[in-house]
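The values are calculated or read from the model by the stated rules, or taken from the named source; none is laboratory data. Bear in mind the structure is a predicted one, so any value in this text is a computation, not a measurement. Heads up, the Cβs are rebuilt from the backbone with ideal geometry, glycines too, and the neighbour counts pull from every protein chain shown.
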Amino acid sequence: MPGETESEVLLLGGTANRGQVVRVGDTVRRPQRATSPATHALLRHLADVGFDGAPRFLGVDEQGREVLSYVPGTAITPPYPAWALSDEALVSVAHLLRDYHRAVSTFSPVPHLWPPSPPPPFAGQLISHNDVNLDNVVFRDGRAVALIDFDLASPGCRVWDVACATRLWAPLRPDRYIDDSRRGRALDRLRLFADSYGLDRGDREALVPAVLHNHQWLYDIVGTAAANGHPAFSEYLAGGAMRRAERTRRWYLDNVDVLQQALA
């Protein structure tokens, strides 16, 4: 495997694999999972159709880790740079996600074993990324160019990924939990993302319910991992995350009509 003798550099960001993802030369080494073969098939498909916005699967190293191509650029980790929170950056994330969905639309998930899918009716249309968090998008020159960390990818749908992305990038949460330039602009940025992606009327109507379900689904994953002893997720929840999550859920429920009107 190329680069075996090169030094390992720990890559920051992420929670599930914190401290276990390293760069070796022009490659990234990550732990494998029971569902890794499905992810590898997905990445091979994206390469075959010419989609440049994802790492390439290169094989498995001597330690049993998956080997991916290193995507040059900047993944957005705290403290967030001002340019990453701009409307221009948001639009580029919407365009990248739209392009990913076009590329993956011809991929068959059969017969692979996938992580849990989103709940009905948001499952089964295509393989959604399911974790379009800020640190899972790589930027170059202020523009989103690649998605990384496909560990949660599974049979989902377009609107589910858009719900995840707008929830985190707008962001859709009470202003008390937004301490940057996005504060007070959640509704404008929600609409901007939907417009930039090109959501049709039906998906716009489904987006707000998808946001609520996506929020609960992701926190269920975090809670399950913490209950199973995952140290990073346990630390995250111990920091008051569940209290914030419940307040955010209440905010969604109280503002369903407002969110829907922003998309009209």
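Please work out if residue 54 is assigned to a helix (DSSP H, G or I) and touching a strand residue (DSSP E or B) at 6+ places or on another chain (Cβ under 8 Å). No. Counting the residues of the stretch 53-85 that are within 20 Å of residue 142 (Cα to Cα), loosely packed, with under 13 Cβ neighbours inside 10 Å and of a type outside the set (A, V, I, L, M) gives 3. Return yes when residue 98 is over 24 Å from residue 56 (Cα atoms) and buried (at least 16 other Cβ atoms within 10 Å of the Cβ) and no when it is not. No. Evaluated against (1) hydrophobic (A, V, I, L, M, F, W, C); (2) at pLDDT 95 or above; (3) out of contact with any helix residue (DSSP H, G or I) (no Cβ under 8 Å at 6 or more places or on another chain), residue 11 falls short on exactly one condition, (2). Residue pairs whose Cβ atoms lie under 6 Å apart, sitting 6 or more positions apart in sequence or on different chains, and linking a residue in the stretch 247-259 that is assigned by TED's automatic domain parsing to the domain that holds residue 206 and closer than 11 Å to residue 215 by Cα to a partner that is of a type outside the set (Asp, Glu) and in a helix (DSSP H, G or I), are 252/212. Listed by position, the helices (runs of 4 or more DSSP H) inside the stretch 158-264 whose residues that are at pLDDT below 95 number at least 3 are 201-227, 231-236, 242-254. Checking 229, 202, 239, 156 one by one, the residue that is among the small types (Gly, Ala, Ser) and in contact with a Phe, Trp or Tyr (Cβ under 7 Å, 6 or more places away or on another chain) is 156 and no other. State yes or no: is residue 110 outside any helix (DSSP H, G or I), of a type in the set (Val, Ile, Thr) and over 16 Å from the mean Cα position of the chain (by Cα)? For residue 110, the condition - outside any helix (DSSP H, G or I), of a type in the set (Val, Ile, Thr) and over 16 Å from the mean Cα position of the chain (by Cα) - is met.
Of all the criteria given as (1) within 10 Å of the chain's Cα centre (by Cα); (2) in a loop (DSSP other than H, G, I, E, B), the one not satisfied by residue 135 is (2). Just one of the listed residues (39, 35) is more than 25 Å from residue 169 (Cβ to Cβ) and of a type in the set (Ser, Thr, Tyr), namely 35. Test each condition in (1) without any contact (Cβ under 8 Å) to a residue 60 or more places away in the chain; (2) touching a Pro at 6+ places or on another chain (Cβ under 8 Å); (3) of a type outside the set (A, V, I, L, M, F, W, C) for residue 78 and report the one that comes out false. Single failed check for residue 78: (2). Scanning the stretch 76-125 for residues that are among the small types (Gly, Ala, Ser) and at pLDDT 95 or above yields 82, 84, 86, 89, 92, 94, 103, 105, 108, 117, 123.
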